[in-house]
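Worksheet: the structure to be examined is printed underneath.
Nothing in this text is a laboratory measurement; each read-out follows from the coordinates by a stated rule. These figures come from a predicted structure and were not determined experimentally. All Cβ positions, glycine included, derive from the backbone under ideal geometry; neighbour counts span all protein chains shown.
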Ligand SMILES: [Mg+2]
């Protein structure tokens, strides 16, 4: 090692160099290998070139000056550890070269096996292993992988050679090729490389190693890696580590093999080891889906000692890392080696079940469990499933349930077709097998179906990560993408036909099976949410307008109602005539008469809300929308008038004419900035009086029944302290009248919404007249940007695509602008009235990124729709010091 810097870390063979905490430097793989070495687990020895070297290389196009020296020393150590030398024709040391970033990027980087093998050393390897066939096969694999990854020879060049020779020898698979056949394959590969890459395959081990390391570093910038990083919000400047590891061979004989597995089922979460094993196979054979592997459990019969050792080791790994592991292993002539271990990607159902079961057995704490569940997980569990209530349709075919859930969509047979259908009907990507190049299509698809592969194939891994449903190994399907045909048994489908997948059971159905909302009653999820609520720093309330909404919100543990929109009660069919009569009234007494008709109805609603939310606060917003919203559409009234005239019905004519007249009087050019909110209470105080009476009479009534109503009366759309001062007086007067009439009183509080920029700027003055405020972030966003929420869809996409906006400000709070106003308001309010209660009741109250911001600026609660409560409750808990822990398979698309 030169100077302070350390570029290379060793593992295996008792090297005590690095550990699991160093994934930023060593990548996930390198850190895992270092940690396994510390645990005394058998891993083939090797070295990890740190991500720092990659960053240097990407910046300068060369290695650091003292790097080569350190590399030489490390390789010499590796040679000593194994007792073989790189390039030794009689006893060659072969190595795998793998990339490994700190954050796992499945299929994004390429692995090269058997590096170090040359024409000359084939015979040394043959003599050592006792099999010329094995040595030839190892060399042709090196040519194929190195050719494709390092020399960028198109993969199909190699496939063509293999196919031709397989046909010559009538061999069904590569493993059936004769030695002579393999010799021909090797010659064909050499020619392909010379023809396509204009260079011959390097014949020294050192040259191969060096070129492979360069290629790994360069692949950090390949297109699909960049795409994956963008999709998952992974920074571009992390760089990748490279591990160079002595090869062990799973393809020497039948007592050798290679396998991959999970310590628990990554699809269901079931606590039993799950994996696959292929005898006499190497590396990618198992995940490529070209041969169907056997379940790992069968290893217990064919090689019981190996199975037992593996079972013990993986159990140790899970307990040590305190998480489900995804491991790779190789058996060479009856000896077991672990090649890799890492936290496993898992489905949402599995994530929840595993977290809860690990808490139950004391492996992790409940706060860790909460931190490990992503909002996307909750959404996925609450996502739709196929609805079989009308019976189960005929099952077309079955495959492996690789990632649970359901999808109904049109068939796309290529990734391009799937990606092209992005904005139309949902699509199901159906293919023989998927590769990393299909990522665009996978992103666009609602579900995946592949003919080959197993539960560890590329499609399965990626689908679980994205929360998409996926069925693999559907043996009865055949895809001919050239002619756009999918055969499922006898049935023939074309691109665009409908298909339904039940990926929880692996069943495939023709046509459209209805979808239904999913597992809202998931017991594991309920445990997680209960823990989340207990750990939350702030309350999450629900927006609820009816007793039914309130009941649903209470069932989901809402800590009160943060917004009840009284206008929704006005829209009820039997009330609309009274609401319209109130609007059409020509004078105050007439208007009061109509309001008196509405009063008992409103009061009944409030009684229901207070009963459901007994002992919890209920914020009721006074009437907010412009009155014309309650009137019928103009064309309906025109038609009515026409009819009335044709029938000469004087009464009807007069009614319709009056309607039109009032509609004209009420019509506004810009109603969102018009005669609405508290302006209605200023101009028609009798509306406010009726609502206050209804609220407080309801509270008195249910209190007499033994409930504990906590009414909070909220005034919308306030811009100035003077408005609030005036309205507060009106509310108190109305309240005093109610109390005088009933001879008893009840506590109530008065607050306002802060949803106009002026209110935010003048919040310090407004707060003098209220005891709570709630940020109406929808209107505040509209008014701050000057974007009309109803029309902004026309241009927001362009803003997002051009990067002018990083995220939709109506979905995630704009921290700089809208958030800045909120901070300004909070600072002023807390200075004047430290005990002021501050909430948020816009759509943002259910958005995790926004919730994090709201907590950071010191709000006291958020309120969101009952459907978004679980996500908001989880997000609230995750604003605590033990933040969200990134769990593989649970990444979600970043806001940027
Ligand atoms: Mg509003």
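List of remarks:
- Inter-part distance, the stretch 487-517 to the stretch 228-276, computed on C-alpha centroids, equals 31 Å.
- Helix 23-38 vs. the chain, principal-axis angle (Cα, 0 to 90°, nearest 10): 60 degrees
- Degrees, to the nearest 10: 588-612 long Cα axis against longest axis of the chain: 40 degrees
- Least to most buried among 196, 470, 678, 841 (fewest other Cβ within 10 Å first): 196, 678, 841, 470
- Angle in degrees between helix 523-535 and the longest Cα principal axis of the chain, rounded to the nearest 10: 70 degrees
- Debye-sum result for the chain in log10 I(q)/I(0), which assumes one identical scatterer on each alpha carbon, at q = 0.07, 0.08, 0.09 Å⁻¹: -0.69, -0.84, -0.98
- Cα centroid separation - the stretch 633-679 against the stretch 780-805, whole Å: 33 Å
- Taking the helices alone, the chain has a mean residue ellipticity at 222 nm of -13500 deg cm²/dmol, built from -39,500 (n - 2.57) per DSSP H run of at least 4 residues and averaged over all its residues.
- For the peptides 148-155, 829-836, the ranking by mean Cβ contacts within 10 Å, running from highest to lowest, is 148-155, 829-836.
- Ratio Rg/Rh [Cα only; Rh per Kirkwood] for the stretch 383-516: 0.92
- Percent RCO, i.e. relative contact order, over the chain, from Cα pairs under 8 Å lying at least 6 residues apart: 10 percent
- Proxy reagent accessibility, fewest Cβ within 10 Å first, across 112, 796: 796, 112
- Ordering of 201-213, 300-312, 865-877 by packing is 865-877, 201-213, 300-312, highest average first (other Cβ atoms within 10 Å, averaged per residue).
- Note on 14, 458: ascending count of other Cβ atoms within 10 Å places them as 14, 458, the fewest first.
- Binning the alpha carbon pair distances of the stretch 296-368 at 5 angstrom intervals from zero yields the distribution 3, 14, 22, 21, 16, 12, 7, 3, 1, expressed in whole percent.
- Peptides 609-617, 809-817 ordered by packing proxy, namely the average of other Cβ atoms within 10 Å per residue, highest first: 609-617, 809-817.
- The stretch 362-441 and the stretch 758-778: distance between their alpha carbon centers, rounded to Å: 44 Å
- Share antiparallel - DSSP beta bridges, the chain, percent rounded to 5: 60 percent
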